[in-house]
Structure formats: C-alpha cells, structure tokens
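K.L.:
Can you read through this structure? Questions will come right after.
None of the figures in this text is laboratory data; all of them are computed from the coordinates on show. Just so we're clear, the structure is a prediction, and the values are computed from it rather than from any experiment. Here the Cβ positions follow ideal geometry from the backbone for every residue, glycine too, while neighbour counts run over all protein chains shown.
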Amino acid sequence: MFIPDLAPDLTFPRLDPTQANLDFAFAVKRAAMEPHIIKKWAWDEAQQRQIHAEHFAEKPFFAIALKGERIGTVSMQSQVSYVRFGEFYLLPDHQCHGIGARVLDHCLSIADEMDVPVRLEYLRWSPVGSLYSRHGFIEAGRSDLNIFLQRPAKSVRESA
C-alpha cells in the first residue's frame, strides 16, 4: 500500500526493513505508548522490542514526516475486504495539535476511494478512542486489553 503526500507539509515515506528504521519506529512507539502501558504494567524493554519487531516485520510501516522531520509512524495494510490501520504513533511534542486528525482523515480518504471498511484496535485505557469515534469508528468488540473498532465503507455510510 502507498500513502500519498498530504499538502502542504506531511509526507509518508515507507520505512524499509533496516535496523535504523526499526529503531526509529520503536522510539516513537515508546514515547507515545509508554505512559499508557505503565498504567497497567511495568515497561519491559525487551518484551516491547520483541513485540514491535514482530509487528515491523509483518506489516508495512510509514514514517509521518512534517516538513521533512519524522514525527511519527502509521501502518496501512490492504486486506481482502478491508483496510487495517495501526501502529499510529506521534511523538509527544506533536500530539494534540491536529496532526493526528489530519493523518487519520487522509488515510480514511484512501480507504473511501477503495470503498472498504477500516479496522483498528487500541488499548482500552488509551485516550485515542475519542479521536476514532469522531471519525466514524464504531466498536466491533473488546477484550481485556483492547477495543476493536471498524469504520464502515463509504457506500454503506452513504446509504444509511
């Protein structure tokens, strides 16, 4: 999958599977997620690195670059009947400034062009749920750890 640039200032270069890109993506995840993870568990660096390395190997990662500076990551993966959205992290200095909403809108517009639903999950106690609900996601399920969301395809939303 490819994420086109978002004028005037955001680009989404694909992160090739290099150690430097893995380290960058992990550093962003740690900065964004550690405060939420430690609400329930201690931060286990080795375990978190292992989980992240598995995710990095399994799906396409893209940097989120603002005026050329890498400030976050996102993953979009086209499945048979939906788009999987995830690994969406911004460095703390770039959170709560509307960048996340712009990136999410942009990625959702790509799925709308494909006319497929978008699926994602997030930690139950993470505040990001309000962002997703404002963008039309509805709960599709939950576990002890995660809330699973889906945003219906454009044609379904328009016919409702």
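K.L.:
For the chain, what are the DSSP H helices with axial Cα length of 24 Å or more and mean Kyte-Doolittle hydropathy of at least -0.5?
P.N.:
Within the chain the helices that satisfy the rule are 19-37.
K.L.:
Let me ask you something else. Below 15 angstrom from the Cβ of G129, what's the summed charge of the other residues (Lys, Arg +1; Asp, Glu -1)?
P.N.:
+4
K.L.:
Return T11, T18 ranked ascending by Cβ neighbour count within 10 Å, so the fewest neighbours appear first.
P.N.:
Ordered from fewest to most neighbouring Cβ atoms within 10 Å, T11, T18 come out as T18, T11.
K.L.:
What nm distance separates the two modelled labels at H135 and R49, each placed 7 Å from Cα along Cα→Cβ?
P.N.:
3.1 nm
K.L.:
I would also like to ask the following. Under a point-charge model restricted to the Cβ atoms of Lys and Arg (+1) and Asp and Glu (-1), what is the dipole moment magnitude of the chain relative to its Cα centre, in debye to the nearest 20?
P.N.:
So the magnitude is around 320 debye.
K.L.:
Let me ask another. Nearest 5 percent is fine: what portion of the DSSP beta bridges confined to the chain is antiparallel?
P.N.:
Given both bridge residues lie in the chain, the antiparallel proportion sits at roughly 95 percent.
K.L.:
Let me ask something else. Convert 20 °C to kelvin, take the viscosity as 1.002 mPa s, use the Kirkwood radius over C-alpha pairs of the chain as Rh, and evaluate the Stokes-Einstein diffusion coefficient in µm²/s, rounded to a whole number.
P.N.:
Calculated translational D: 132 µm²/s.
K.L.:
Within a Cβ distance under 14 Å of D23, other residues only, what is the Lys/Arg minus Asp/Glu net charge?
P.N.:
It works out to a net charge of +2.
K.L.:
Rounded to the nearest 0.05, what FRET efficiency do H36 and F2 give with R0 = 45 Å and r taken as the Cβ-Cβ distance? Could you check?
P.N.:
0.90
K.L.:
Taking 0.36 nm per intervening residue step and subtracting the Cα-Cα distance, what contour gain separates S109 from A160 on full extension?
P.N.:
16.5 nm
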